[in-house]
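**Student:** Structure in structure tokens, see below.
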Amino acid sequence: MIDTLDHSQLIKRLAPARYRRPGDRVFKTIIVALSSGIILLALAMAVVLWIEASPTFSKFGYLNFLTSSTWDPVAGIHGALPFIIGTLVTSFGALALAVLPALAVAIFTSEYAPRWLATVINYLVDLLAAIPSVVIGIWGIFNFAPFMRDAVYMPIYEWAYEHAQWMVPMLGNPSGYNIITATLILALMIVPYTVALSRDAIRLVPKEQREAAWALGSTRWEVMKLAVLPYARSGIIAGILLSLARALGETMAIAMLIGNSNRLPFTLFGPAATMPSLIINEFREAVEPLHYTSIIAVGFYLFLITIVINMIATLVQRKLAGQRKL
Amino acid sequence: MSTLEQVNTAESFRMETKDLSVCYNKSSFGVRDISMPVYNNQVTALIGPSGCGKTTYLRALNRMHDLSPETAVTGQALLDGEDIYAAKVDPVVVRRKIGMVFQKPTPFPTKSIYDNVAAGLALVGIRKKSILDEAVEKALQGAALWDEVKDRLKSPGGSLSGGQQQRLSIARALAIEPEVLLMDEPTSSLDPNSTIKIEELIKELKNKVSIVIVTHNMQQALRVSDYTGFFFVGSLIEFAKTDALFNKPSQDKTKEYLSGFFS
Amino acid sequence: MELSARYARDKVVQVFIVLLTLLVIVPLAIIIIYVVVNGIGSINGDFFTQELGSPSRAIQGKPTGLVHSIIGTIIIDLVALLMAVPFGLATGILMSEYPDHPMSGFARLMSKTLNGMPAVLMGLLAYALVVKNTGGFSALAGAVALAFVMIPIISATTESVLRITPWSLREVGLAIGLPRWRVTMSLVVPAAKNGIITGILIAFARAAGEAAPLMLTSFGNNFLTFDLMSPMDTLPQRLYSLAISPYKVWHGMGWAGAIILLLFVMITFFIGRLVVNRMERQATQIENIGKNQNSKEIGQ
């Protein structure tokens, strides 16, 4: 991470705002014009999605659409709640599962592992981030889901059938494609992001902080606990929040492994859905205008949720970083 | 080769090194064959031009070089007669007895002043509030910081000024009651007022701990220390009582350095 | 607490950390092995020369392959890249070299926001802007969607790379009388050339693996086409359809396609990594030179 202050301050001292050479003015105009592209892109996302979705919002109202759980394209009734719940459960569940392993990898590679091993592990973890979601989905369909079904879901289901009948409705039909499978895969997919950001945060801890802890007579783990992790706290938390933002938007692997049911309640072993999985699943077949606008409306809410989480991440990071101004 | 003068056989050695050498990557020497005493309850200053090995030597005294795999230490360093580099000796234990204060003040920024000072005690599991309160106050008094912070012990360690932060670092080191305190240019990043405060502090502290201080400021060595060792290109050129070394240096190199020939 | 107890706790934590690390690495290895083993069996000459055709080809055992997906991927990804680079590059230059411009901070905020956006939303936007207005799914819409994905990545990496270039470069340029724009384009940008190209590669690799935006825009096509205004097949989107289809032959081709996609991403990723490592080493060297000039105490 580069300290932005020095660079910006230096540049500001460079040349006055008035550019006397015509070449400068032309260049600046081109740069500014092209840069407005990204601003327009962001604004377009918000505006266009909202406009396309407005028939749905007019029909159902913002709050009602958010909280209604009926999604019936045939009857023309749409509510986003099942998908919002699916998204939140998978994302937060994946986050909870991923945090400790990711932190462990970051700590292992920066403090414990010999240099060569750390390099190899870092490559592998970054590679994991690079594998396309659809490839992970394919592995999930042909390998992971059947494995989970045979090793976990079916045995539990059969046991419940024999000994605890009351549990069966909660379990649902164990096909292997459900919210648990999706959450586990999602956890694996977001680990690399948390690792990368935690690793950076740990690397930024100044040598003097560690040495001060060593000089007090600390053991290796105590140096981590006393000096390194508290100092790196803000970076680590930022990493966690940004991973959450990615989890929310993860589409392909989830769509391929979550079973795609539009009806609440989601059972433990039965099919479920998330906001992105809904979009992939139904968009191409949406013939009714209301169906189409409702899918876009779900996309709009996904957009809002992502923005909110990103804002929270930035605020938290700023607050925690300010706390350790030395 | 080093010159060691038995300046005062009546006073006891707290620490002593015998032919201590620090070697990097099996090739270059940081310091070579240093034999030097650290007198009990005295301040020993290490002076010399940049890169001459004084900090390298200092860091060997609490086994900080253990942390860098490319560095090898040979020779002996005796604390109260026992070699801290002996095979069965645990460096973690060594560092509790020989504390260190660094050039940059390094309070733990996310911890409060109280927790900073108590950090060393918390490590060994002392949790009882009454014990900690007493130890924290004692350490902060010893570092001449108590009056300034006693009303805000819970504010974060990073909220103090530079000089105060350095005194906080000293208090943190004192809290575990070490026998020797190593100081690596403790005032070089501070303003003159803080420097004066810390120099006075050092002169008081020597009654409780034996101090070894590295300084690139000759006047500071003159002001605070009882004994001085002059390092040059990795060797100990001369070691004597401070007055003697500064006023009647016996080695030519010492004379050159003191007269500002090189710095 | 006893020292031995503290050491014991140290050990326990270490074991825990190693186990958790394995928990992450092992599935990764499994995935790669699975894809390779299953995919190798399905790759043959037909794979690279035949189009998919209708399901009847698969059922009847007639030759079928994914050449149209591979070509479609190349076409759409390159068109997207051509569209994205000018915008991303310019934004990066704005954020780094003109931070005093009122739009600069805004651009950075937008760039950060978009970098965390799900790609599927980019697909929806491209659908609303292109597909709806041109009357149907098209390769162009797909390229636009992927360009939307690439632009924030390129602008972020360009900015960070430009910031690393030594400050003195700009001072020297101005001192010899170059106008500011020449300093930027003839000195600073070429100096950061490697990092910028890496950023573009990274953006390319990321976008190349995305299926969701393409499913909503270029839609897919069982046959080969070079018409930008018609639906076109791409590998990621095709892999999805193959995987959820009921035909075993298509499953096999899905694995084969997965290897190809994986190899492509891995190669791009490793090239990028090599360049980044070299740059980091150079940057540290430059930093160290500066540090050594400033500090008096060398090698203490």
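The values are calculated or read from the model by the stated rules, or taken from the named source; none is laboratory data. In this text the structure is predicted, and so the values were computed from the model without any measurement. No Cβ is skipped: glycine too gets one built from the backbone with ideal geometry, and neighbour counts run over all protein chains shown. Ligands, DNA and RNA are stripped out before the accessible areas are found, and what is left, the full protein with its side chains, is counted by its heavy atoms. Shrake-Rupley method; radii C 1.70, N 1.55, O 1.52, S 1.80 Å.
**Student:** Quick one: in the range A:188-210, which of the residues that are more than 23 Å from the chain's Cα centre (by Cα) and either outside any helix (DSSP H, G or I) or among the polar types (S, T, N, Q) (or both) is modelled with the lowest pLDDT?
**Tutor:** By that ranking, first place goes to A:Leu204.
**Student:** Under 9 Å between Cβ atoms, which residue pairs at least 6 apart in sequence (or on different chains) link something in the range C:230-242 that is within 11 Å of chain A (Cβ to nearest Cβ) and under 9 Å from C:His68 (Cβ atoms) with a partner that is β-branched (Val, Ile, Thr) and open to solvent by 10 Å² or more (accessible area, probe 1.4 Å)?
**Tutor:** Listed by first residue and then by second, the contacts come to C:Arg238/C:Thr73.
**Student:** Of the residues A:Ser91, A:Ser69, A:Ser110, which is more than 9 Å from chain C (Cβ to nearest Cβ) and part of a loop (DSSP other than H, G, I, E, B)?
**Tutor:** A:Ser69
**Student:** Just checking, how many residues over the range B:84-109 are in contact with a Gly (Cβ under 8 Å, 6 or more places away or on another chain), more than 14 Å from chain C (Cβ to nearest Cβ) and surrounded by fewer than 21 Cβ atoms within 10 Å (Cβ to Cβ)?
**Tutor:** Result for the range B:84-109: 2.
**Student:** For the list (1) within 14 Å of chain C (Cβ to nearest Cβ); (2) open to solvent by less than 40 Å² (accessible area, probe 1.4 Å); (3) not in a loop (DSSP other than H, G, I, E, B), I need the number of the one condition that A:Ile236 fails.
**Tutor:** Of the numbered conditions (1) within 14 Å of chain C (Cβ to nearest Cβ); (2) open to solvent by less than 40 Å² (accessible area, probe 1.4 Å); (3) not in a loop (DSSP other than H, G, I, E, B), the odd one out for A:Ile236 is (1).
**Student:** From the set of residues in the range A:294-313 that are free of Cβ contacts under 8 Å to residues at least 12 places away in the same chain and within 13 Å of the chain's Cα centre (by Cα), which is surrounded by the most Cβ atoms within 10 Å (Cβ to Cβ)?
**Tutor:** Looking at the filtered set, the residue picked out is A:Ile307.
**Student:** Restricting the search to the range A:37-47, which residues are surrounded by fewer than 18 Cβ atoms within 10 Å (Cβ to Cβ) and free of Cβ contacts under 8 Å to residues at least 12 places away in the same chain?
**Tutor:** If the condition is that a residue be surrounded by fewer than 18 Cβ atoms within 10 Å (Cβ to Cβ) and free of Cβ contacts under 8 Å to residues at least 12 places away in the same chain, then A:Ile39, A:Leu40, A:Leu43, A:Ala44, A:Val47 are the ones that fit.
**Student:** Any chance the range B:197-204 includes a residue that's open to solvent by less than 30 Å² (accessible area, probe 1.4 Å), over 25 Å from B:Ile34 (Cα atoms) and of a type in the set (A, V, I, L, M, F, W, C)?
**Tutor:** Yes, the range B:197-204 contains at least one residue that is open to solvent by less than 30 Å² (accessible area, probe 1.4 Å), over 25 Å from B:Ile34 (Cα atoms) and of a type in the set (A, V, I, L, M, F, W, C).
**Student:** Can you confirm whether the range A:241-250 contains a residue that is charged (D, E, K, R), within 30 Å of A:Pro55 (Cα to Cα) and open to solvent by 10 Å² or more (accessible area, probe 1.4 Å)?
**Tutor:** Checked against the condition, which is being charged (D, E, K, R), within 30 Å of A:Pro55 (Cα to Cα) and open to solvent by 10 Å² or more (accessible area, probe 1.4 Å), the range A:241-250 yields at least one hit.
**Student:** Could you run through the range C:59-81 and say how many residues are assigned to a helix (DSSP H, G or I), farther than 14 Å from C:Ala208 by Cβ and either open to solvent by less than 10 Å² (accessible area, probe 1.4 Å) or at pLDDT 90 or above (or both)?
**Tutor:** Looking only at that region, the number is 1.
**Student:** Report the residue count in the range C:44-68 for those that are of a type outside the set (A, V, I, L, M), in contact with a Gly (Cβ under 7 Å, 6 or more places away or on another chain) and touching a residue at least 24 places away in the same chain (Cβ under 8 Å).
**Tutor:** 3
**Student:** Here is a list: C:Ser104, C:Ser56. Which entry is away from chain A (no Cβ under 12 Å), assigned to a helix (DSSP H, G or I) and small (Gly, Ala, Ser)?
**Tutor:** None of the others qualify; the one that does is C:Ser56.
**Student:** Can you tell me which residue within the range C:217-244, out of those that are within 22 Å of the chain's Cα centre (by Cα) and among the charged types (D, E, K, R), is farthest from C:Ala256 (Cα to Cα)?
**Tutor:** Applying the filter and picking the extreme gives C:Asp233.
**Student:** With respect to C:Thr268, determine if the residue is touching a helix residue (DSSP H, G or I) at 6+ places or on another chain (Cβ under 9 Å), in a loop (DSSP other than H, G, I, E, B) and among the hydroxyl-bearing types (Ser, Thr, Tyr).
**Tutor:** no
**Student:** Taking the range A:98-120, which residues are surrounded by fewer than 19 Cβ atoms within 10 Å (Cβ to Cβ) and either more than 16 Å from A:Leu229 (Cβ to Cβ) or under 21 Å from the mean Cα position of the chain (by Cα) (or both)?
**Tutor:** A:Leu100, A:Pro114, A:Arg115, A:Trp116, A:Leu117, A:Ala118, A:Thr119, A:Val120
**Student:** Shifting gears a bit: Please find, among C:Leu129, C:Leu114, C:Leu140, the residue that is open to solvent by 10 Å² or more (accessible area, probe 1.4 Å), at the interface with chain A (Cβ under 7 Å from one of its Cβ atoms) and assigned to a helix (DSSP H, G or I).
**Tutor:** C:Leu129
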